[in-house]
Amino acid sequence: MASDHVIETEGLTKEFKGFRAVNNVRLRVARGTIHALIGPNGAGKTTCFNLITKFLQPTTGRILYNGRDITAMKPHDVARLGLVRSFQISAVFPHLTVLENVRVALQRTLGTSYHFWKPETSVAVLDDRAMDLLEQVGVESYAHLQAVELPYGRKRALEIATTLALDPEMLLLDEPMAGMGREDIRRISDLIRRVAANRTVLMVEHNLSVVADLSDRITVLARGEILAEGSYEEVSSNPAVVEAYMGTGHG
Ligand SMILES: Nc1ncnc2c1ncn2[C@@H]1O[C@H](COP(=O)(O)OP(=O)(O)OP(=O)(O)O)[C@@H](O)[C@H]1O
Ligand SMILES: [Mg+2]
């Protein structure tokens, strides 16, 4: 039976020296949606991300990606299947230009099949594709600047462009708005909405107005467990959620 969930976890649990950072989580992310994972500091959100992208091995539980059990797989193998975390493979090289950064990401996806003498992988062809990606994230006018010279928000956009170079089916974003001002938040929100048009996005984000604005569905974690799930209206009016957020500075 075809599942309409790109990601499904069963009993996902991670212990650190006996401390359960993630406890029996059943997370289901529906295809084509923007799904937010929220919760107070220390709730286990980043640990969940690390489990799903295979940077951490769960203590117990299973992870299904498109119905396929990926629990025993390595990070680069799940990335190759299309499950990609922003900033995973896409470290930005500060002293390469913006264009060169995306070209490197494109070359990397070609892996051993990359031969610059083949017409389809010539520098000119790669540069065309790289410029396309830069346009998609709105940094094409910065193409020939060194990455280090970019304003902060534009650098995050470049990081997303290098992630998109892998053409992921599912994108995981851990706090994409961290450290950003209003203008950048609006620009990156628009960008996430656009890249989500033909993808699935799972996002950890503390900025609740961004979560309200972008998310189709929200899972609230607290103390490693799922506390609530639903639309923003549903979870934000849930007394248990309000209580979990009280005094955390994120409410
Ligand atoms: N490698 C580790 N070793 C021991 N404890 C860890 C480790 N990683 C995380 N923890 C603990 O697990 C809990 C969950 O951490 P996690 O980073 O997943 O929370 P989070 O929801 O992402 O929080 P934040 O909103 O602050 O980013 C915390 O109590 C944290 O101290
Ligand atoms: Mg975190």
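The values are calculated or read from the model by the stated rules, or taken from the named source; none is laboratory data. Predicted model, so just to flag it, every value in this text is computed and none were measured. For neighbour counting, all protein chains shown are included, and Cβ atoms are generated from backbone atoms with ideal geometry for every residue, glycine included. Heavy atoms of the whole protein, side chains included, go into the accessibility calculation; ligands, DNA and RNA do not. Shrake-Rupley method; radii C 1.70, N 1.55, O 1.52, S 1.80 Å.
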Options 33, 226, 158, ranked by Cα towards positive dipole end of the chain, top entry (Cβ charges)
226
The stretch 168-251 - charge dipole about Cα centre, Lys and Arg +1 at Cβ, Asp and Glu -1, debye rounded to 20
240
What part of the accessible area of the stretch 1-54, given as a whole %, is carbon or sulfur when the probe is 1.4 angstrom?
49
The chain: antiparallel DSSP beta bridges as a percent of all, rounded to 5
55
I need the Debye-formula profile for the stretch 198-251: one equal scatterer per C-alpha, no solvent, reported as log10 I(q)/I(0) at q = 0.15 1/Å, two decimals.
-0.40
At a probe size of 1.4 Å, how large is the accessible area of residue 26, to the nearest 10 Å²?
120
Could you provide, to the nearest whole Å², the per residue accessible area of the chain with probe 1.4 Å?
48
What does the highest-first list of 97-105, 122-130 look like by mean Cβ count within 10 Å?
97-105, 122-130
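For the stretch 1-113, which semi-axes, largest first and in whole Å, follow from the square roots of 5 times the eigenvalues of its Cα gyration tensor?
Details: eigenvalues 157, 64, 38 Å².
Over the Cα atoms of the stretch 1-113, the ellipsoid semi-axes are 28, 18, 14 Å.
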Farthest towards the positive end of the dipole of the chain, among 105, 200, 12 and with Cβ unit charges of +1 on Lys and Arg and -1 on Asp and Glu, lies the Cα of 12
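Can you pull the percent of Cα pairs in the chain with separation above 26 Å? Write down the numbers at each step before the final one.
On the way: 13180 of 31375 pairs.
Roughly 42 percent, once rounded to a whole number.
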So how strong a dipole does the chain carry about its Cα centre when Lys and Arg Cβ are +1 and Asp and Glu Cβ are -1, to the nearest 20 debye?
620
